[in-house]
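Asks: There's a structure below that I have some questions on.
The values are calculated or read from the model by the stated rules, or taken from the named source; none is laboratory data. Everything quoted here is computed from the prediction, not taken from an experiment. Here Cβ is always computed from backbone atoms with ideal geometry, including for glycine, and neighbour counts include all displayed protein chains.
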Amino acid sequence: MTTTTTQALPPASAGLLRQRYRPRTRSAYPMWFFLPAVALYVVFFAIPTFASFYFSLTRWTLFDTTFIGFGNFVAFLQDPQLINGFVHTFEYGFVTSAAKVVLGFLLALFLTGPVIARGYLRAVIFFPVLVSTIGVGIVFKNLLDPFHGMVNALLGAVGLPQPGWFTDPNMALWTIAGVDVWKGIGIATLIFMAGIVAIPQEYYEAARMDGASSWRLVRTITIPLSRPAMATVVILSLIGGLRSFDIIWATTGGGPGFTSDVIASVIYKEYQAGFFGLSTAGNVVLFIVVTAVMVPVSWLLNRKQVDL
Amino acid sequence: MFGLIAIAASAVIFLVPFLFVVLQAAKTPGEASSLAFSWPTEWRFLPNLVDVLQANDGIILRAFLNSSVLTVVSVVLTTLLAAMAGYVLERRPSRWGTVINFFVLAGLIVPPAVVPTIWVLQGVGLFKTMLGMILIETTFGLSFNILLFRAFMRTIPRELDEAALIDGAGPIRLFLRVVLPLLRPVVVTVVVVQAVAVFNDFANPLYFFPGDENATVQLTLYQFQGQNLSYYNLLFMDILLITIPPLVMYVFFNRQIVAGLTSGAVKG
């Protein structure tokens, strides 16, 4: 049974109810309860968002604006720094999101199974989520320092190569992605755990009676039935990953060169340099990127929802 | 056996960085700058604590004050406004519902436009003010929390509303006296999750609340890193200080935080 048929009924009956109780319903749940939230949303979110479309087409100094058409976007597509940031945003978003889904699921599977010290493990994996991102960035920048850092000291001691984690142009972005996963894996794990725990035990019992192996149980019961959890993890981590700024700014600041710049860090750099029009064009690009990724992804994830 | 490996691995991966912060925070400046993972030869924990609080004319104390005011006021506002909106959104099916849902989701997904927001803040005279910063944090927190409240409202039976209405309660009394107390579990969740988010926020104060006077705790960390490269011990003491409030929250409200963050896991 699909969700469309089940949803076809309620509106009709709700309409009947509304007609019968109209006067009372109206006064009991007044529309003005929305007002303060709507006012803030309009002033500090909707207006800036709509204004950004106009300002992205201008050369802007906050005092005056000169309309320059698509000049900022052309600059975006031509400047190697900006185009780099554009590509990196996708790479970073997809890599961190995929890593969180895979690792988060495996950890959740492990932690919902028979395991000692589960409370400790859960707490330890989760606590980085609550720590300041800037703090995490600084700590890892020092732990992964190419010359003095603890990690490279250990690697050197056992004769392994000592990579320049944040200083090698080919590695910086991926090192940051790794730190991001370290910090965010706790949420993914928790969400998957909640999803897995909600699966009725009878399914497993029935499958075991039929002689299914534990791998088969995971593949045919756990994975399909933790789909809502996966949708949540994918959506949350993609939104976070595509907009990521703090962790990048705290570790490399987009460097070395522009090799770990993403759109969000370009926006900040252009803002700092006083190119407000260009910075706002970056915001519009980010808006388009996030929407272009999130709309199909959430549609796909929700479409294939399994019925329980 | 497998469990022991897991405990050891998790300790190395997740606890060593934290231990590193504690050790660094207790060292002398010279020893800390070597970045070695070693026991301090001389424990300077308290002197470092005093030093960091006095650094840059006590900017950290000011930042703690700023962050506390910002967190407390914006969390109260977000909770109240999101509860009101989520409540009516769930209870009152109307054709506006779809439109509002769309905007709530947009607020969750769309990244805020930086310079235009500054432009608006300047237009209403709130740029670089605490009030402006509070309203910004409140606005950006609305969408997520409205969704939480709306989801929780579904579990509260309408009969309770109707009973209160029959007893003659008006809409405000119904909300404050009947509904809000029933929303208590989700209120706690929203307060804790939002408080941690605002306290740890870096990008928004960086853009909308600049200036030394206005420093928030996250910004002191960032400035500290820029200025005092020779004082790694104080930098790490600052990290330690800033980590404590969210950690305390976690210890006391573990369950509510988990409930809030996993609310979408079971039912899409």
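Asks: Against the definition (among the hydrophobic types (A, V, I, L, M, F, W, C) and at the interface with chain A (Cβ under 9 Å from one of its Cβ atoms)), how does B:V99 come out, yes or no? Write out each step before concluding.
Replies: Values: among the hydrophobic types (A, V, I, L, M, F, W, C): yes; at the interface with chain A (Cβ under 9 Å from one of its Cβ atoms): no.
No: the conditions fail for B:V99.
Asks: Regarding segment B:6-16, can at least one residue be identified that is within 24 Å of A:L144 (Cα to Cα), under 24 Å from the mean Cα position of the chain (by Cα), within 12 Å of chain A (Cβ to nearest Cβ) and part of a helix (DSSP H, G or I)?
Replies: Taking segment B:6-16 and keeping what is within 24 Å of A:L144 (Cα to Cα), we get B:6-16.
Then drop every residue that is not under 24 Å from the mean Cα position of the chain (by Cα), which leaves B:14-15.
Checking the rest, the ones that are also within 12 Å of chain A (Cβ to nearest Cβ) come to B:14-15.
Still in the list and also part of a helix (DSSP H, G or I): B:14-15.
There is at least one residue in segment B:6-16 that is within 24 Å of A:L144 (Cα to Cα), under 24 Å from the mean Cα position of the chain (by Cα), within 12 Å of chain A (Cβ to nearest Cβ) and part of a helix (DSSP H, G or I).
Asks: For A:G71, which of the numbered conditions (1) in contact with a strand residue (DSSP E or B) (Cβ under 9 Å, 6 or more places away or on another chain); (2) over 20 Å from A:K269 (Cβ atoms) fails to hold?
Replies: (2)
Asks: Another question, if that's okay. So which residues in segment B:152-175 are out of contact with any Leu (no Cβ under 8 Å at 6 or more places or on another chain) and away from chain A (no Cβ under 11 Å)? Write out each step before concluding.
Replies: Going residue by residue through segment B:152-175, those that are out of contact with any Leu (no Cβ under 8 Å at 6 or more places or on another chain) are B:154-155, B:157-159, B:162-163, B:166-173, B:175.
Listed by number, the residues that qualify are B:R154, B:T155, B:P157, B:E159, B:A163, B:D167, B:G168.
Asks: Select from segment A:76-125 the residues that are charged (D, E, K, R) and closer than 30 Å to A:G277 by Cβ and list them in ascending order.
Replies: Residues of segment A:76-125 that are charged (D, E, K, R), as a first pass: A:79, A:91, A:100, A:118, A:122.
Within segment A:76-125, A:D79, A:E91 meet the criteria.
Asks: Only one residue in B:L77, B:L46, B:L19 is in a helix (DSSP H, G or I), exposed (fewer than 14 other Cβ atoms within 10 Å of the Cβ), at pLDDT 90 or above and not basic (K, R), so which one is that? Break it down into steps so the answer makes sense when it comes.
Replies: Working: B:L77 fails: exposed (fewer than 14 other Cβ atoms within 10 Å of the Cβ); B:L46 fails: at pLDDT 90 or above.
Going through B:L77, B:L46, B:L19 in turn, just one is in a helix (DSSP H, G or I), exposed (fewer than 14 other Cβ atoms within 10 Å of the Cβ), at pLDDT 90 or above and not basic (K, R): B:L19.
Asks: Now for a separate question. Criterion first (among the aliphatic types (A, V, I, L, M) and crowded, with 17+ Cβ neighbours inside 10 Å) does A:A231 satisfy it?
Replies: Values: among the aliphatic types (A, V, I, L, M): yes; crowded, with 17+ Cβ neighbours inside 10 Å: yes.
Against the criterion (among the aliphatic types (A, V, I, L, M) and crowded, with 17+ Cβ neighbours inside 10 Å), A:A231 qualifies.
Asks: Then there is this: Which of the following residues is without any contact (Cβ under 8 Å) to a residue 40 or more places away in the chain and either within 23 Å of the chain's Cα centre (by Cα) or surrounded by fewer than 22 Cβ atoms within 10 Å (Cβ to Cβ) (or both): B:I146, B:I156? Talk me through it step by step, then tell me what you get.
Replies: Numbers: B:I146 fails: without any contact (Cβ under 8 Å) to a residue 40 or more places away in the chain.
Among B:I146, B:I156, only B:I156 is without any contact (Cβ under 8 Å) to a residue 40 or more places away in the chain and either within 23 Å of the chain's Cα centre (by Cα) or surrounded by fewer than 22 Cβ atoms within 10 Å (Cβ to Cβ) (or both).
Asks: If you don't mind, another one. Restricting attention to segment A:246-282, and to residues there that are free of Cβ contacts under 8 Å to residues at least 40 places away in the same chain and surrounded by fewer than 19 Cβ atoms within 10 Å (Cβ to Cβ), which single residue is nearest to A:A172 (Cα to Cα)?
Replies: The residue in question is A:G253.
Asks: Would you check if A:V285 is surrounded by fewer than 20 Cβ atoms within 10 Å (Cβ to Cβ), in a helix (DSSP H, G or I), in contact (Cβ under 8 Å) with a residue 60 or more places away in the chain and more than 8 Å from every other protein chain (Cβ to nearest Cβ)?
Replies: Details: surrounded by fewer than 20 Cβ atoms within 10 Å (Cβ to Cβ): no; in a helix (DSSP H, G or I): yes; in contact (Cβ under 8 Å) with a residue 60 or more places away in the chain: yes; more than 8 Å from every other protein chain (Cβ to nearest Cβ): yes.
Here the answer is no, as A:V285 does not meet what is asked.
Asks: Let me ask another. Among the residues of segment A:140-153, how many are assigned to a helix (DSSP H, G or I) and over 21 Å from the mean Cα position of the chain (by Cα)? It would help to see each step written out before you state the result.
Replies: Taking segment A:140-153 and keeping what is assigned to a helix (DSSP H, G or I), we get A:140-143, A:150-153.
Okay, now just the ones that are also over 21 Å from the mean Cα position of the chain (by Cα), so A:141-143, A:150-153.
Number of matching residues: 7.
Asks: Related question: Pull out all pairs, ordered by first then second residue, where Cβ-Cβ is under 6 Å, the residues are six or more apart or on different chains, the first lies in segment B:98-125 and is surrounded by fewer than 20 Cβ atoms within 10 Å (Cβ to Cβ), and the second is of a type in the set (G, A, S).
Replies: Partner pairs satisfying both residue conditions: B:L108/B:S143.
Asks: How many residues, within segment A:47-74, are away from chain B (no Cβ under 11 Å) and either among the hydrophobic types (A, V, I, L, M, F, W, C) or in a helix (DSSP H, G or I) (or both)?
Replies: 8
Asks: Let me ask another. What number of residues within segment A:200-226 satisfy the criterion of being among the aliphatic types (A, V, I, L, M) and under 25 Å from the mean Cα position of the chain (by Cα)? Walk me through it before giving the result.
Replies: Within segment A:200-226, the subset among the aliphatic types (A, V, I, L, M) is A:206-207, A:209, A:212, A:217-218, A:221, A:223, A:225.
Pick out the ones that are also under 25 Å from the mean Cα position of the chain (by Cα) and you get A:223, A:225.
Here the count works out to 2.
Asks: So how many residues does segment B:191-209 have that are more than 9 Å from chain A (Cβ to nearest Cβ) and either at pLDDT 90 or above or within 26 Å of B:D51 (Cβ to Cβ) (or both)?
Replies: Keep residues of segment B:191-209 that are more than 9 Å from chain A (Cβ to nearest Cβ), which gives B:191-195, B:197-198, B:204-205, B:208-209.
Filter again for either at pLDDT 90 or above or within 26 Å of B:D51 (Cβ to Cβ) (or both), leaving B:191, B:194-195, B:197-198, B:204-205, B:208-209.
Counting residues in segment B:191-209 that are more than 9 Å from chain A (Cβ to nearest Cβ) and either at pLDDT 90 or above or within 26 Å of B:D51 (Cβ to Cβ) (or both) gives 9.
Asks: From A:G137, A:G156, A:G119, A:G186, grab the single residue that is within 11 Å of chain B (Cβ to nearest Cβ), surrounded by fewer than 22 Cβ atoms within 10 Å (Cβ to Cβ) and not in a loop (DSSP other than H, G, I, E, B).
Replies: On the way: A:G137 fails: surrounded by fewer than 22 Cβ atoms within 10 Å (Cβ to Cβ); A:G156 fails: within 11 Å of chain B (Cβ to nearest Cβ); A:G186 fails: surrounded by fewer than 22 Cβ atoms within 10 Å (Cβ to Cβ).
Answer to the selection: A:G119.
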